[in-house]
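The values are calculated or read from the model by the stated rules, or taken from the named source; none is laboratory data. Keep in mind that this is a model prediction, so the values were computed, not measured. Methodologically, a virtual Cβ is constructed for each residue, glycine included, from the backbone with ideal geometry; neighbour enumeration extends over all protein chains shown.
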There are 2 protein chains.
Amino acid sequence: MTSVDEPARPNGRIRDAARTQAEILDVATREFARAGYDGARVDEIAARTRTTKRMIYYYFGGKEQLFTAVLERAYGVIREAEQRLDVEHLDPVAAIRRLAELTFDHHEQHPDFIRLVSIENIHGAEHIAASERLGKIGSPALDVIRRILAAGQESGLFTADVDAVDLHAMISSFCFFRVANRHTFGALFGRDLVAPDQREHYRAMLGDMVIAYLTAERAAD
Amino acid sequence: MTSVDEPARPNGRIRDAARTQAEILDVATREFARAGYDGARVDEIAARTRTTKRMIYYYFGGKEQLFTAVLERAYGVIREAEQRLDVEHLDPVAAIRRLAELTFDHHEQHPDFIRLVSIENIHGAEHIAASERLGKIGSPALDVIRRILAAGQESGLFTADVDAVDLHAMISSFCFFRVANRHTFGALFGRDLVAPDQREHYRAMLGDMVIAYLTAERAAD
DNA sequence: GAGTTAATGTACGAACCAGTACGTTAGTCA
DNA sequence: TGACTAACGTACTGGTTCGTACATTAACTC
């Protein structure tokens, strides 16, 4: 009954700290995203790895720090994606639209990340505050927006008074809401915001919205 | 929200089922909003009322049903607010802007409700699905949007191809994100989206965005 | 190839927590 | 006024869950 015959370590390394840590992070990401911080179970996370609960405490210290590590890695992924942004060869209008579309795509492709951010907000962003790494990650996307915005405003294509952080918030709002609130929105209004056949519609809607806002003639004040 | 502000009548009834239930709901709303569904403690909710845990089970059946009851009441409040909407005497542009502003205000004034909705989405809207009451509440706001939109489109002020549910999603996105994600956004970008001195700025931004979108000339396709 | 340490597994405990068995009292009405 | 019932309180339980003490082994160093 014992002997689920493991190949008695012929050449492969049984002990691999990096692999064990990565596996724990993978599983923990799924579990935290699925059930929330308090809903997730350390025992359950351990059971879904090839190692034991002991290793979670050995490498991460505890549930709280594990969640922080999960967040750090998740934010690292989007930072990397943002660093690969390549839209500045386009004219400002096309560049902003493209940037919005890539943001849209990234949100759609990483629902677990969206859920983690929701969860972290429920907890007042205390883990981000406690993390040295997360405190100081800038947003490459923000720099890109800043430059496109400046170019568009200089050429007179965009209205002058739009701030990059605000625009980022506007774009993120739409992308985030569509994924994060799809369950309640679907239940209450009978429309699945993430339905595949609606994808292009909402992607275009976001671009239209942002461009309309940036190019609209604002009432002088 | 029907809060319990009853001045503990000296010779009056000690036993008051309605008051006890309302008090439990008040406290539960705060606790669930504060800590999430799994983070909230039934004992803690009971301790913060003038009654005991026994009464929670007596009136609501369990934690799950209590949370559903909290959601039902919270959604009831916004439905009531939406029924008091009075913007249709305005021209379509002003009416939509006003509607967006009122949505903005309501989100700002009910952060607990926003948190409950976030929490419910983490749990896949399963409580809404299980609730008979919540399944069938329409949105009065949606009807208002529909009518304003139709008027605006008929008069040629608005572009023809905008759907009411989509517009509602757009407006809600911005309002929701600003409140729900203020912690992570603030921690990462150093900007408090809910800072009082930024309130008018973001309120105007929302209105500008929606009006720009509705009145923009879309590229024909 | 002996010693050292990083990595891993096992078993357990103490606190916590949702839910309940059972007893009590206030208010009502015949 | 006495019986009945809705409303309420106390005390407990059984299972869960985070965390840890202790044992063990793989792999590296010299």
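The single residue among A:V27, A:V42 that is of a type outside the set (K, R), near DNA strand D (Cβ under 9 Å from one of its atoms) and outside the structural domain of A:E120 (by TED's automatic domain parsing) turns out to be A:V42.
Out of all the residues in the stretch B:23-60, which are surrounded by fewer than 18 Cβ atoms within 10 Å (Cβ to Cβ) and assigned to a helix (DSSP H, G or I)? The answer is B:R30, B:R34, B:V42, B:D43, B:E44, B:A47, B:K53, B:R54, B:M55, B:Y57, B:Y58, B:Y59. Among the numbered conditions (1) of a type in the set (G, A, S); (2) within 22 Å of A:V194 (Cβ to Cβ); (3) more than 9 Å from chain A (Cβ to nearest Cβ), the only one that B:G152 does not meet is (2).
Does the stretch A:77-86 hold any residues that are touching a residue at least 40 places away in the same chain (Cβ under 8 Å) and surrounded by fewer than 18 Cβ atoms within 10 Å (Cβ to Cβ), and which are they? Give the steps one after another, and end with the answer.
Of all residues in the stretch A:77-86, those touching a residue at least 40 places away in the same chain (Cβ under 8 Å) come to A:79, A:82-83, A:85.
Within the stretch A:77-86, A:R79, A:Q83, A:L85 meet the criteria.
Is it true that some residue in the stretch A:191-213 is more than 24 Å from the chain's Cα centre (by Cα) and at the interface with chain B (Cβ under 8 Å from one of its Cβ atoms)? Yes, the stretch A:191-213 contains at least one residue that is more than 24 Å from the chain's Cα centre (by Cα) and at the interface with chain B (Cβ under 8 Å from one of its Cβ atoms). Whether a residue is facing chain A (nearest Cβ under 9 Å), out of contact with any Gly (no Cβ under 9 Å at 6 or more places or on another chain) and aliphatic (A, V, I, L, M) was assessed, and B:A180 passes this test.
Right, A:T68: under 20 Å from the mean Cα position of the chain (by Cα) and of a type outside the set (A, V, I, L, M) or not? Walk me through how you get there before you give the answer.
Details: under 20 Å from the mean Cα position of the chain (by Cα): yes; of a type outside the set (A, V, I, L, M): yes.
Taking the combined requirement at face value, the residue satisfies it.
Residue under question is A:D166, and the condition is that it be charged (D, E, K, R), surrounded by 15 or more Cβ atoms within 10 Å (Cβ to Cβ) and assigned to a helix (DSSP H, G or I); does it hold? So A:D166 fits the description; yes. Across the stretch B:155-171, the number of residues qualifying as within 10 Å of chain A (Cβ to nearest Cβ) and polar (S, T, N, Q) comes to 1.
Kindly evaluate A:E120 against the criterion of being more than 7 Å from every other protein chain (Cβ to nearest Cβ) and part of a helix (DSSP H, G or I). No, not satisfied.
If you go through the stretch B:94-117 and keep only what is farther than 21 Å from B:I211 by Cα and either assigned to a loop (DSSP other than H, G, I, E, B) or among the polar types (S, T, N, Q) (or both), you end up with B:Q109, B:H110.
Testing B:A141 on (1) modelled with pLDDT under 95; (2) at the interface with chain A (Cβ under 9 Å from one of its Cβ atoms), one condition comes back false. Which one is that? For B:A141, the exception is condition (2). Has the stretch A:116-124 got at least one residue that is farther than 20 Å from A:R30 by Cβ, in contact (Cβ under 8 Å) with a residue 40 or more places away in the chain and touching a Phe, Trp or Tyr at 6+ places or on another chain (Cβ under 7 Å)? No; the residues of the stretch A:116-124 include none that is farther than 20 Å from A:R30 by Cβ, in contact (Cβ under 8 Å) with a residue 40 or more places away in the chain and touching a Phe, Trp or Tyr at 6+ places or on another chain (Cβ under 7 Å). Taking the criterion of being more than 8 Å from DNA strand D (Cβ to nearest atom) and among the small types (G, A, S), the residues of the stretch A:53-83 that qualify are A:A69, A:A74, A:G76, A:A81.
Taking the criterion of being closer than 14 Å to A:R146 by Cα and not in a helix (DSSP H, G or I), the only residue of the stretch A:67-85 that qualifies is A:L85.
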